[in-house]
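Trainee: The structure that follows is given in the form of structure tokens.
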Amino acid sequence: MTASLSNDPGDALAARLLPLLERIAAALERAAPAGSPPPDLTAADAFLWGAERRLMPVPRVNRVAIGLLTGIDRARDTLMANTRRFADGLPANNALLWGARGMGKSSLVKAVQAEINATRSQGERPLKLVEIHREDIEALPDLMAALRADPHRWIVYCDDLSFDGDDTSYKSLKTALDGGIEGRPENVLFYATSNRRHLLARDMVENERSTAINPGEAVEEKVSLSDRFGLWLGFHKCSQDEYLAMIEAYVAQHGLRADSATVRAEALEWAATRGSRSGRAAFQYIQDLAGRLGQTLG
């Protein structure tokens with residue numbers, strides 16, 4: 001007669017441990033965070049790549065109409081042409097917008113995307129924009145991978161990009177721009193704005209030159225980062241006439257009811273107190289003017 005129960009000690013131990021293991025597995029399952037659903041990439045035309053490495057839609061983008069960006073005509077036309085080619089599925093370059101602060105570098109990127117989408121034919125997919133913060137640059141390869149299979153075309157954009165001291169995250173940017181072994185996704189371009197042409201502080205470059213065994217190679221390693229951008233667009237301080245043209249455009253755009261001579265005098269004084277003339281200073285004056293007039297900037 002065959003025994004109904006095994007006399008093997010191992011089987012007995014397994015029988016006692018099985019309920020315990022099942023309870024541990026159930027507890028771990030309850031404690032584990034629920035998986036995040038994949039983002040809806042049709043929910044908006046603009047997104048943020050957050051610290052949690054997720055794409056978050058931006059329903060309303062803070063942007064300036066492209067017609068108000070005066071004094072940067074050459075940069076505007078060049079970036080528009082490059083971006084339109086990319087949106088149409090043609091070859092285009094990563095772009096570095098560098099130069100004087102407050103001259104509309106970041107505003108131009110957002111305005112170009114909006115202008116292109118406004119002129120897309122019915123049925124054409126919109127051009128998407130995703131902003132990544134400087135602090136999250138090390139996650140840029142992950143973002144590129146997340147966008148690779150999407151049918152839309154994407155501008156990945158980083159504002160005020162620069163590197164200081166012992167920061168080595170620029171290596172992640174170099175890898176993403178070159179694309180590594182897979183190559184950069186065909187549906188992704190990278191646009192960056194910076195006050196520095198080479199994205200690195202001068203003392204950072206000089207330090208490399210003075211301490212390296214081979215100074216030339218050390219400097220080349222860091223300065224070569226900007227070479228990954230095929231398109232360089234320089235932004236320079238505006239003249240008084242260009243500054244006043246910005247003021248006049250804002251006044252007309254927002255229908256501000258003010259005497260033109262008074263506006264001119266106040267705008268020049270506003271720039272003088274800040275030590276610079278720029279698009280940012282012009283808009284700040286317009287905000288002040290609108291507030292004093294009791295009008296809103298629609």
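Every number here is computed from the coordinates shown, using simple stated rules; none is lab data. Everything quoted here is computed from the prediction, not taken from an experiment. Please note: Cβ atoms are built from the backbone with ideal geometry, for glycine as well, and neighbour counts cover all protein chains shown.
Trainee: Calculate, for Val61 and Gln295, the FRET efficiency according to 1/(1 + (r/R0)^6) with r their C-beta to C-beta distance and R0 25 Å; round to the nearest 0.05. Provide the component values of the computation, followed by the final result.
Mentor: Numbers: r = 23 Å, r/R0 = 0.92.
Computed FRET efficiency for Val61 and Gln295: 0.60.
Trainee: Which whole-number percent gives the relative contact order of the stretch 115-168, counting Cα pairs below 8 Å spaced six or more residues apart?
Mentor: Values: 40 pairs, mean separation 23.4, N = 54.
Computed value for the stretch 115-168: 43 percent relative contact order.
Trainee: Can you list the residues of the stretch 108-132 with backbone N under 19 Å from a point 7 Å past the Cα of Gln287, pointing along Cα to Cβ?
Mentor: 108-111
Trainee: Further, regarding this structure: Reachable lysines from Lys237, Cα under 20 Å, same-chain residues fewer than 8 places away excluded?
Mentor: Qualifying lysines at Cα under 20 Å: Lys105.
Trainee: Something else about it: If R₀ is 41 angstrom, what is the calculated FRET efficiency for the pair Gln253 and Asp40, using the beta carbon separation as r and rounding to 0.05? List each step's numbers first, then the result.
Mentor: Working: r = 33 Å, r/R0 = 0.81.
About 0.80, to the nearest 0.05.
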